[in-house]
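Notes follow the structure.
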Amino acid sequence: MKSRSDLTRSEIDAIISAAEVCHVGMVDGENGPYVLPMNFGYTKGRIFIHSGPFGKKLGIWEKDNRVCLAFSTDYKMRIQNESVACSYSMRYKSALVYGRLKPINDFDDKVAALNVIMAHYTNNADFTYSKPAVENVKVFEVDIERMDGRIYGY
């Protein structure tokens, strides 16, 4: 089965754009892993995520803003021989994005980022937001340092 890890930027962009969620990995205060599924928005090579105003991840990000985002799509079971367990495999497409989170604090910039996130799920990028909602939400852009991708079975 063919596996490729030499993906082009456009192939990685397609995987990220097709993903429904991203899993955000970080290192907690005790050097342990911590991973959360999150909604996101992606446009023109920029990734945005958002959060409520409180929580464990925010404390982690205040101390260490490094993250790894995992995106995956197109899962399909592949079976060569139904009676041989090792002949089962999963086709997939995946991308990893390494970077650092930058908080977005300006009201209008937050709204623009939230519209990117909403567009990812609704195909609409023109929403209205209440002032308290925007002021209370935490919005981040991922300052991308590296992107990797892999396609297996396609």
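Details
Residues checked against (1) among the small types (Gly, Ala, Ser); (2) at pLDDT 95 or above:
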site: SER5; (1), (2): yes, no
site: GLU20; (1), (2): no, yes
site: VAL24; (1), (2): no, yes
site: ASN31; (1), (2): no, no
site: HIS50; (1), (2): no, yes
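- Looking across ALA95, ALA125, one residue alone is surrounded by 13 or more Cβ atoms within 10 Å (Cβ to Cβ) and modelled with pLDDT of 95 or more. It is ALA95.
- Residue match in the stretch 122-143 (condition: within 18 Å of the chain's Cα centre (by Cα), over 19 Å from LYS57 (Cα atoms) and in a helix (DSSP H, G or I)): yes
- Single residue of ARG146, ARG100 found to be within 14 Å of the chain's Cα centre (by Cα), closer than 20 Å to PRO33 by Cα and exposed (fewer than 15 other Cβ atoms within 10 Å of the Cβ): ARG146
- Any hit, the stretch 4-19, residues being over 16 Å from the mean Cα position of the chain (by Cα), hydroxyl-bearing (Ser, Thr, Tyr) and surrounded by 13 or more Cβ atoms within 10 Å (Cβ to Cβ): no
- Only one of VAL137, VAL116, VAL84, VAL35 that is of a type in the set (Val, Ile, Thr) and at pLDDT below 95: VAL84
- Number of positions in the stretch 118-154 that are among the hydroxyl-bearing types (Ser, Thr, Tyr), without any contact (Cβ under 8 Å) to a residue 24 or more places away in the chain and within 26 Å of ILE12 (Cα to Cα): 1
- Contact annotation: residue pairs with Cβ atoms under 7 Å, 6 or more positions apart or on different chains, pairing a residue in the stretch 67-79 that is farther than 30 Å from GLY29 by Cβ with a partner that is crowded, with 18+ Cβ neighbours inside 10 Å and among the aliphatic types (A, V, I, L, M), are THR73/ILE15; THR73/ALA19.
For (1) surrounded by fewer than 11 Cβ atoms within 10 Å (Cβ to Cβ); (2) out of contact with any Asp or Glu (no Cβ under 7 Å at 6 or more places or on another chain), each residue gets a yes or a no:
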{"site": "TYR42", "(1), (2)": "no, yes"}
{"site": "ARG46", "(1), (2)": "no, no"}
{"site": "PRO53", "(1), (2)": "yes, yes"}
{"site": "LEU58", "(1), (2)": "no, yes"}
{"site": "TRP61", "(1), (2)": "no, yes"}
{"site": "VAL67", "(1), (2)": "no, yes"}
{"site": "THR73", "(1), (2)": "no, yes"}
{"site": "ARG78", "(1), (2)": "no, yes"}
{"site": "VAL84", "(1), (2)": "yes, yes"}
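- Spans of strands (runs of 3 or more DSSP E) in the stretch 11-74 with at least 1 residues in contact with a Leu (Cβ under 8 Å, 6 or more places away or on another chain) and within 19 Å of LEU114 (Cα to Cα): 22-27, 40-43, 46-51
The values are calculated or read from the model by the stated rules, or taken from the named source; none is laboratory data. If you're wondering where the values come from, they're calculated on a predicted model, not measured in any experiment. Cβ: placed from backbone, ideal geometry, glycine included. Neighbour counts: every protein chain shown.
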